[in-house]
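J.: To start, I am sharing the structure in question, which I have written as structure tokens.
The values are calculated or read from the model by the stated rules, or taken from the named source; none is laboratory data. Owing to the predicted nature of the structure, the values given are computational and were not obtained by experimental measurement. Backbone-built Cβ (ideal geometry, glycine too); neighbour counts: all protein chains shown.
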Ligand SMILES: Nc1ncnc2c1ncn2[C@@H]1O[C@H](COP(=O)(O)OP(=O)(O)OP(=O)(O)O)[C@@H](O)[C@H]1O
Ligand SMILES: [Mg+2]
């Protein structure tokens, strides 16, 4: 379990990346979603002991990130959003170094790395200089690091950004097979829905919704989403797309008006909380 | 301490870089070899022993200061430092690993000078250990200086300019290529702000070109301690 207690992060005088957030993350997989600049990476970096909070603290499986840093680092593995491979080293070499830093012996590290690379279909590239891998492959190497590390708690900051649909499914199934607790961020709502039982929606440094996906979806009370370019009736308008949440009985009526009808999903939780409204 | 991690990292990042990007190695040798050539020509060979003795120092110093570019790149650009922060290694492990990789990267140059030094009878086998000790201390001090620079930078671009300037100042100004006795003792102490100076004075003493100055051991040791301490403060391990 992860307990976040009034965590605030101020980067400089004007930038409050997190404004005193509190939450308990209890489920095995928790997804953090939010717009660009919402504060997701800041939160992940604070929880994984890479960044000091300005105020507040958090505990990971009962261990305080400020007072018990060393113990926390023993049980976590964190893949930063912006990390890139050292181009001149091979995926296998870098994974080995990472795993050794996590306490594996050299030979253990090599074996586990090979296994994880194989799982993500990267085995054939294990000895190639990383510079020669494609962007998505490079990203997958980092995911492989997290898988191979087998830490009790894993933080994945946008693990599947830039991956093709097949690779994404590979990563998903690998994540599902793990028994670790996982906190991940993503911009793909279907990913959050596929993987996690719990989502945290952050906007401008605040948590605006947090809960089990099923509960959040049921707050729409069985409504549907109707959307149309330049539609006249709307609850939310994004660019020129009009979005209206309607009762099931009105579906035919809106189809006749030229609206597309969609089933409610996480996008709608995101949209309806006003997250997109300022754009 | 995680010695295994340090050794593997240094080997991968020091040695494989030589194999996979040899042009950089040649570049790192070009300045000391050019100076060796010029000193030999201009002094009609009389100072060649000094230029040979100072060569390994110049190489180690330049590679360690250029390490600021690696450390800044790892921290700011490719965020590899961040990846290692959330593991069991300490900032000290990480810094030792990088420092040692710079030393590994310097090995071919040191070997070249060892051969030259043996040929011109500058280096004796009996002084090898002392010379190695000085080179290790120098690697540590200058690497830590480079971690300080890397930690202070906000943008990666500045690193190239700063290291280019520092590497010239630190390798050419101190008595790496000429007898330290050319300088008044007061100037030597002033130049000792750069750890290259005590290292160069020590080497000239060790190989018997000039009198050995015990005080330089202390200066180099104190600088190692101070810079290691400051390096740890400035690397921005947990930001
Ligand atoms: N090192 C930094 N210095 C100053 N401000 C920063 C720094 N890192 C992030 N910020 C600011 O903090 C806020 C939150 O950034 P953060 O990276 O946490 O967002 P995010 O939710 O991860 O966004 P994205 O989806 O784009 O990755 C942004 O306004 C950003 O500009
Ligand atoms: Mg982010």
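J.: For residues that are within 21 Å of residue A:133 (Cβ to Cβ), in contact with a strand residue (DSSP E or B) (Cβ under 6 Å, 6 or more places away or on another chain) and surrounded by fewer than 21 Cβ atoms within 10 Å (Cβ to Cβ), tally how many sit in region A:61-103.
T.: 1
J.: I'm told residue A:150 meets every condition in (1) away from ligand 2 (no atom under 14 Å from the Cβ); (2) within 26 Å of residue B:85 (Cα to Cα); (3) at pLDDT below 90; (4) surrounded by fewer than 18 Cβ atoms within 10 Å (Cβ to Cβ) except one. Can you identify the failing condition by its number?
T.: (3)
J.: Quick test for you: out of B:175, B:198, pick the one residue that is touching a residue at least 60 places away in the same chain (Cβ under 8 Å) and surrounded by 13 or more Cβ atoms within 10 Å (Cβ to Cβ).
T.: Numbers: B:198 fails: touching a residue at least 60 places away in the same chain (Cβ under 8 Å).
Being touching a residue at least 60 places away in the same chain (Cβ under 8 Å) and surrounded by 13 or more Cβ atoms within 10 Å (Cβ to Cβ) holds for just one of B:175, B:198, which is B:175.
J.: Something else about it: Which pairs have Cβ atoms under 6 Å, sit 6 or more apart or on different chains, and link a residue in region A:1-16 that is within 18 Å of residue A:203 (Cβ to Cβ) to one that is away from ligand 2 (no atom under 16 Å from the Cβ) and assigned to a loop (DSSP other than H, G, I, E, B)?
T.: A:7/A:53; A:8/A:54; A:9/A:53; A:9/A:54; A:10/A:54
J.: Just need a number here: residues in region A:262-272 that are closer than 21 Å to residue A:230 by Cβ and surrounded by fewer than 16 Cβ atoms within 10 Å (Cβ to Cβ).
T.: Counting residues in region A:262-272 that are closer than 21 Å to residue A:230 by Cβ and surrounded by fewer than 16 Cβ atoms within 10 Å (Cβ to Cβ) gives 1.
J.: For region A:153-162: of the residues being closer than 16 Å to residue A:82 by Cα and either part of a loop (DSSP other than H, G, I, E, B) or more than 16 Å from ligand 2 (Cβ to nearest atom) (or both), which is farthest from the other protein chains (Cβ to nearest Cβ)? Steps first, answer last, please.
T.: Initial filter on region A:153-162 (closer than 16 Å to residue A:82 by Cα): A:155-162.
Add one more test, that the residue is either part of a loop (DSSP other than H, G, I, E, B) or more than 16 Å from ligand 2 (Cβ to nearest atom) (or both), and what stays is A:158-162.
Details: A:158: 13, A:159: 14, A:160: 18, A:161: 14, A:162: 16 Å.
Among those that are closer than 16 Å to residue A:82 by Cα and either part of a loop (DSSP other than H, G, I, E, B) or more than 16 Å from ligand 2 (Cβ to nearest atom) (or both), it is A:160.
J.: Also, I was wondering about something else. Within region B:48-63, can one find any residue that is more than 9 Å from chain A (Cβ to nearest Cβ), out of contact with any helix residue (DSSP H, G or I) (no Cβ under 6 Å at 6 or more places or on another chain) and either under 17 Å from residue A:84 (Cβ atoms) or not in a helix (DSSP H, G or I) (or both)?
T.: For region B:48-63, residues more than 9 Å from chain A (Cβ to nearest Cβ), out of contact with any helix residue (DSSP H, G or I) (no Cβ under 6 Å at 6 or more places or on another chain) and either under 17 Å from residue A:84 (Cβ atoms) or not in a helix (DSSP H, G or I) (or both): absent.
J.: Let me ask something additional. Among the residues of region B:67-99, what is the count of those that are more than 24 Å from the chain's Cα centre (by Cα), over 27 Å from residue B:161 (Cβ atoms) and either more than 7 Å from chain A (Cβ to nearest Cβ) or surrounded by fewer than 19 Cβ atoms within 10 Å (Cβ to Cβ) (or both)?
T.: 1
J.: At pLDDT 95 or above, touching a helix residue (DSSP H, G or I) at 6+ places or on another chain (Cβ under 8 Å), within 21 Å of residue B:227 (Cβ to Cβ) and surrounded by fewer than 24 Cβ atoms within 10 Å (Cβ to Cβ): which single residue out of B:131, B:142 fits that description?
T.: When all the criteria are applied, what remains is B:131.
J.: For region A:32-140, list the helices (runs of 4 or more DSSP H) that sit wholly inside it and hold at least 1 residues that are within 16 Å of ligand 2 (Cβ to nearest atom); which are they?
T.: A:40-47
J.: Within region B:15-32, is even one residue buried (at least 18 other Cβ atoms within 10 Å of the Cβ), assigned to a helix (DSSP H, G or I) and free of Cβ contacts under 8 Å to residues at least 40 places away in the same chain?
T.: yes
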